[in-house]
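Here the structure is laid out as structure tokens; the discussion comes afterwards.
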Amino acid sequence: MFKIIVVENYDEASSEAFKVMKEEVVSHEKPVLGLATGSTPIGLYKKMQADHKSNGTSYKNVITFNLDEYIGLPKSHEQTYYTFMHENLFDGLNIPEENIHIPVGDSDNVPAECVKYEEAMKEYNIDIQLLGIGGNGHIGFNEPGTSFDTLTHIVDLQEKTRLDNARFFDSIDEVPTQAITMGIATIMKSKKVLLVATGENKADAIYGMIKGPISEDCPASALQNHPNVIVIVDKAAASKL
Ligand SMILES: N[C@@H]1[C@@H](O)[C@H](O)[C@@H](COP(=O)(O)O)O[C@@H]1O
């Protein structure tokens, strides 16, 4: 079930998302947050850091699981999601390092890492999973055609996704070709989903997610079967609804 909140712009979307996130953080004794990368959550993460700094909201009992990670880059690489999360969120909060979970993309045994990651999540129930959405409707790195039954797994990144993410690298050739991602079945297990999307280039994906058929052609359409999804979109991303 979707609760759709339409706002004017990116900053308002970040503020609305922050309200939802903060409520989760303060209302659970041990909040379990599923986190995302991409440019969309940066505004939200800045607000979480600012709130921690000025209001002292504590994250010391927070446990986090990130959606995905590139395969093949060393952790310290400036474009890993490990680096992204530390720079954009974790460095400004007081989450104990041992509570932070991100798939290890430079593991010697990536298939075993996927199993281990899924197992680690079984111990906890994710209270809220934050999601962005790809222009082709992907969530995490679950590209169109991914089975809705998937757990954490290895994916070959589509050319469109590599191109979309190439802006962060020196050239398209440097964008990894594979990633580890939570599967769609993993995402569906979280108690609540918070999906944020802004800009006209997300309008088709938002339409497909909410109004399109439930189909593997649009991975986000699986969320039509989730009991509790909050969608925060600006007018541009909502323009085709
Ligand atoms: N794996 C991430 C997704 O989790 C993210 O939702 C998507 C959209 O990114 P952006 O928010 O930059 O548009 O990009 C990447 O592919």
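Where a number appears in this text, it was derived from the coordinates with a stated rule and is not lab data. Keep in mind the model is a prediction, meaning the values are calculated, not measured. Because the Cβ atoms are built from the backbone with ideal geometry, glycine has one as well, and the counts that use them run over all protein chains shown.
Laid out as a table, the results:
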quantity: Prolate/oblate/rounded label for the range 194-235 (Cα gyration tensor, a/c 1.5); calculated: oblate
quantity: Alpha-carbon radius of gyration plus Dmax, which is the widest Cα pair, for the chain in Å; calculated: 16.6, 46
quantity: Nearest-0.05 FRET efficiency for Met1 and Gln79, computed from C-beta distance (R0 35 Å); calculated: 0.45
quantity: Gaussian network model of the chain, springs between alpha carbon atoms under 10 Å - residue of Val231, Val104, Val26 with greatest fluctuation; calculated: Val26
quantity: Selection from Ile206, Leu241, Cys218 lying farthest towards where the dipole of the range 200-241 points positive, charges on Cβ; calculated: Leu241
quantity: Electrostatic dipole magnitude of the range 84-241 [Cβ: Lys, Arg +1; Asp, Glu -1; Cα centre; debye, to 20]; calculated: 920
quantity: In nm, spacing of pseudo-spin labels at Glu87 and Asn228 (7 Å Cα→C-beta vector); calculated: 3.4
quantity: Overall Cα dimensions of the range 8-82, principal axis frame, Å, largest first; calculated: 37, 33, 20
quantity: Three-way shape call for the range 136-215 based on the alpha-carbon gyration tensor, with the a/c threshold at 1.5; calculated: oblate
quantity: Karplus-derived HN-Hα couplings along the range 179-187 (A = 6.51, B = -1.76, C = 1.60, θ = phi - 60°), whole Hz, x at Gly and Pro; calculated: 8, 9, 9, 4, x, 5, 5, 4, 4
quantity: Viscosity 0.890 mPa s, 25 °C: Kirkwood-radius Stokes-Einstein D of the range 100-241 over Cα pairs, µm²/s; calculated: 156
quantity: 5 angstrom amide H check on Tyr59, placed H, neighbours 5+ away; calculated: Asn94
quantity: Spin-label model distance (nm) - Lys46 vs Lys30, 7 Å beyond Cα toward Cβ; calculated: 3.4
quantity: Given 13 as the ceiling on other Cβ atoms within 10 Å, longest exposed-site-free region of the chain for GluC sites (Glu not before Pro) in DSSP loops; calculated: 124-241
quantity: Debye intensity ratio in log₁₀ form over the Cα atoms of the range 1-141, taken at each q of 0.18, 0.21 Å⁻¹; calculated: -1.14, -1.51
quantity: Cα→Cβ-extended label distance, 7 Å offset, between Tyr124 and Glu97, nm; calculated: 1.7
quantity: Mean-position separation - Cα centroids, the range 54-86 and the range 19-40, in angstrom; calculated: 13
quantity: Potential lengthening between Leu163 and Glu23 on full extension [0.36 nm per residue; Cα-Cα distance subtracted]; calculated: 46.9 nm
